[in-house]
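Q: Below: one structure in structure tokens.
The values are calculated or read from the model by the stated rules, or taken from the named source; none is laboratory data. Because the structure is a prediction, the values reported are computed rather than measured. Because the Cβ atoms are built from the backbone with ideal geometry, glycine has one as well, and the counts that use them run over all protein chains shown.
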Amino acid sequence: MVVLAQNHQARLYWTPHIENECYRNLQRLGRLHPDDAEADRLTLPQRLNAELLPQNHLPYLADVSQVDEKDRHVAASALALKHQLQQPVGLITWNLKDFPRKQLLKLGVVRYSPDELCEELTKPQSNAQACLDQTVCAMMSGLNTYKPLNPTVYQLRAQPLPTALEEWLDFLARNKMHRTARSLCRQNNLPRSG
């Protein structure tokens, strides 16, 4: 997402509430050791080239009442940003069922899954493989610069980052990026099921 945002002159945003939720889940799932979480959190804005928004979503909660209650703060924050920027904004989430597309679109918030967004932004007119290569470079830079002091079992078992096209297709499939994998296959004239 970071490379796609840079390639398309887009800006990434999040809120303290979303950040807290993210880090709590990363620790709960064993993806990040609690002792490494704070250091990781401090470097996140720089690594993502993202902006931490103020908690100014409360006035917009009533406007997004159709969104699942526990996720309303996300949609309300997107709506607050839309009003601040005076233009439509995108909301990226894997949790599609709790964010009704049509109702959000009426408010000027476009909801995407990461896979939908990647597929859309790597259409044939762009070079998806070049974007994937840039992604590996960005991930390697992050891994080399911000090494965990207390690697979790999940981190220790992580597979190497993909470099070849077939490795990318497997990586994308493992990470629920099936549309992006199919798009990459089409761009490279490869058959692909799924």
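Q: Would you point out which residue out of Ala76, Ala62 is small (Gly, Ala, Ser), over 26 Å from Asn7 (Cα atoms) and surrounded by fewer than 16 Cβ atoms within 10 Å (Cβ to Cβ)?
A: Ala62
Q: Ok, one more. Inside region 91-134, can you point out the residues that are of a type in the set (Gly, Ala, Ser), farther than 17 Å from Leu61 by Cα and surrounded by fewer than 17 Cβ atoms within 10 Å (Cβ to Cβ)?
A: Ser126, Ala130
Q: Of all residues in region 11-62, how many are polar (S, T, N, Q) and not in a loop (DSSP other than H, G, I, E, B)?
A: The number of residues fulfilling the criteria is 5.
Q: I'm told Leu81 meets every condition in (1) surrounded by fewer than 17 Cβ atoms within 10 Å (Cβ to Cβ); (2) in the same structural domain as Trp14 (by TED's automatic domain parsing) except one. Can you identify the failing condition by its number?
A: All conditions pass for Leu81, except number (1).
Q: Can you tell me which residue is modelled with the lowest pLDDT among those in region 6-40 that are within 19 Å of Leu85 (Cβ to Cβ) and among the aromatic types (Phe, Trp, Tyr)?
A: Among those that are within 19 Å of Leu85 (Cβ to Cβ) and among the aromatic types (Phe, Trp, Tyr), it is Trp14.
Q: Here are some residues: Leu91, Leu104. Which one is closer than 24 Å to Ala5 by Cα and part of a helix (DSSP H, G or I)?
A: Leu104
Quick grid of which residues meet (1) out of contact with any helix residue (DSSP H, G or I) (no Cβ under 8 Å at 6 or more places or on another chain); (2) touching a residue at least 40 places away in the same chain (Cβ under 8 Å); (3) not charged (D, E, K, R):
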| residue | (1), (2), (3) |
| --- | --- |
| Asn7 | no, yes, yes |
| Pro16 | yes, no, yes |
| Asn25 | yes, no, yes |
| Asp36 | yes, yes, no |
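Q: Do we have Asp170 as assigned to a helix (DSSP H, G or I) and either surrounded by 15 or more Cβ atoms within 10 Å (Cβ to Cβ) or aliphatic (A, V, I, L, M) (or both) here?
A: no
Q: Now, a different point. Among the residues of region 107-144, how many are of a type in the set (Ser, Thr, Tyr), in a helix (DSSP H, G or I) and touching a residue at least 40 places away in the same chain (Cβ under 8 Å)?
A: 1
Q: Same structure again: Where residues in region 1-10 are touching a Cys at 6+ places or on another chain (Cβ under 9 Å) and in a helix (DSSP H, G or I), which of them is surrounded by the fewest Cβ atoms within 10 Å (Cβ to Cβ)?
A: Top of the filtered list is Asn7.
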